[in-house]
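Below you'll find the structure, written out as structure tokens, and then a few comments.
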Amino acid sequence: MAYFRYDHAILDRFPGVVGGIIHATGVTNGPPPDGLADEFTATQATVRSQIGATPLSEMPALAAWRRVFRAFGVDPTQYRSAAEGLLRRLTKHGELPSIGTLVDLANLVSIRYALPVAVFDRRMISGTTVVRFARGDERWADLGSSTTDRPAPGEVIFADEEDVVAARRWCWRQSAASAASDDTSEILVTVEGHHDGAADDVPRALDDLERLLSAHAAPRGVRRALLRAGSPAFE
């Protein structure tokens, strides 16, 4: 069984996408340990210094995501990629809040590489997660809301085999049900890029994610894969 794959129509439209996938079992979540908290704080300071006065829209990884959003009909200044949203908050407020071990390590890697990183709780996913264009009849519940909504036809979504949406507008926001919680034990982690350096940056981000998971989330097992147009599925 495939855990995650890109639909052929997505790869036809966005052939340069590079996706990094980690499947981890037996993980623990909860408050971040001191080592992770220290690295998260230090990384925020380093990233703020590196960005300086550079507009986020000029950073290659973020600019590429903006182009992708526009290509499937979404205004990237109204709906920002997850990585740009984090970096915007960091540069505006000076720090990011701590959420918990799994989210903090994902956010740490996201701001370090300016790439969207998502952690999905596998309990709430039926079968394979597919990155595809929405028909518009799929089901979606936003974080912080119990109301079920529908994605817009043609937007890029992460959907399972029962048409439940785990992420909308590709990497804008994930669903309430798929988010990591204190008792999450099996996860799928994604990190994706479209920029010219994605073939180098995504594997490095995967290395960091695997290191941080192993050090702070005590997984029983970790598997990973690098997906591209010629190898679109993680099984």
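What follows is calculated from the coordinates using simple rules that are stated; it is not laboratory data. Quantities reported herein were computed from a predicted structural model and do not represent experimental measurements. Counting neighbours? That spans all protein chains shown, and the Cβs are built from the backbone with ideal geometry, glycine included.
So what's the projected area for region 108-225, the Cα convex hull averaged over all directions, in nm²? Kindly include the intermediate steps, with their values, before the conclusion.
Numbers: hull surface 31.3 nm².
Over all viewing directions, region 108-225 projects a mean Cα-hull area of 7.8 nm².
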Query raised in the report: Simple spin-label model, 7 Å along Cα-to-Cβ: Asp38 to Ala152 in nm?
Result: 4.6 nm
Requested in this report: Go ahead and run the numbers for FRET between Asp142 and Arg204, Cβ-Cβ distance against an R0 of 35 Å, rounding to 0.05.
Outcome: 0.65
Report task. Pick out, from Gly85, Val74, Trp140, the residue whose Cα sits farthest towards the positive end of the charge dipole of region 1-153, with +1 on the Cβ of Lys and Arg and -1 on the Cβ of Asp and Glu. Result -> Val74
Query raised in the report: For Ser57 and Arg220, what is the calculated FRET efficiency with R₀ set at 30 Å and r taken between the beta-carbons, to the nearest 0.05?
Result: 0.15
**Report entry** Residues Ser49 and Thr25, FRET efficiency given R0 of 41 Å [Cβ-Cβ distance, rounded to 0.05]
**Finding:** 0.65
Query - Proxy reagent accessibility, fewest Cβ within 10 Å first, across Glu210, Glu95 - result: Glu95, Glu210
Report task. Bin width 5 Å, alpha-carbon pairs only: give the P(r) of region 164-235 as whole percents, running from 0 to the bin holding the largest distance. Result -> 3, 12, 20, 23, 24, 14, 4, 0
Query - Cβ charges +1 (Lys, Arg) and -1 (Asp, Glu), total dipole of region 4-234, debye - result: 460 debye
Report task. Calculate for the chain the 222 nm mean residue ellipticity that helices alone would give, adding -39,500 (n - 2.57) per DSSP H run of length 4 or more and normalising by residue count, nearest 500 deg cm²/dmol. Result -> -11000 deg cm²/dmol
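Pick out the long, greasy-scoring helices in the chain: whole DSSP H runs spanning 27 Å or more along their own axis by Cα, mean Kyte-Doolittle at least 0.0.
none
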Report task. Please list, in chain and number order, the residues 5+ apart from Tyr3 or on another chain whose amide H is under 5 Å from its amide H, with Hs placed from the backbone. Result -> Phe234, Glu235
Query raised in the report: For Ala9 and Arg123 in the same chain, what is the full-extension length gain: residue separation times 0.36 nm, less their Cα-Cα distance, in nm?
Result: 38.3 nm
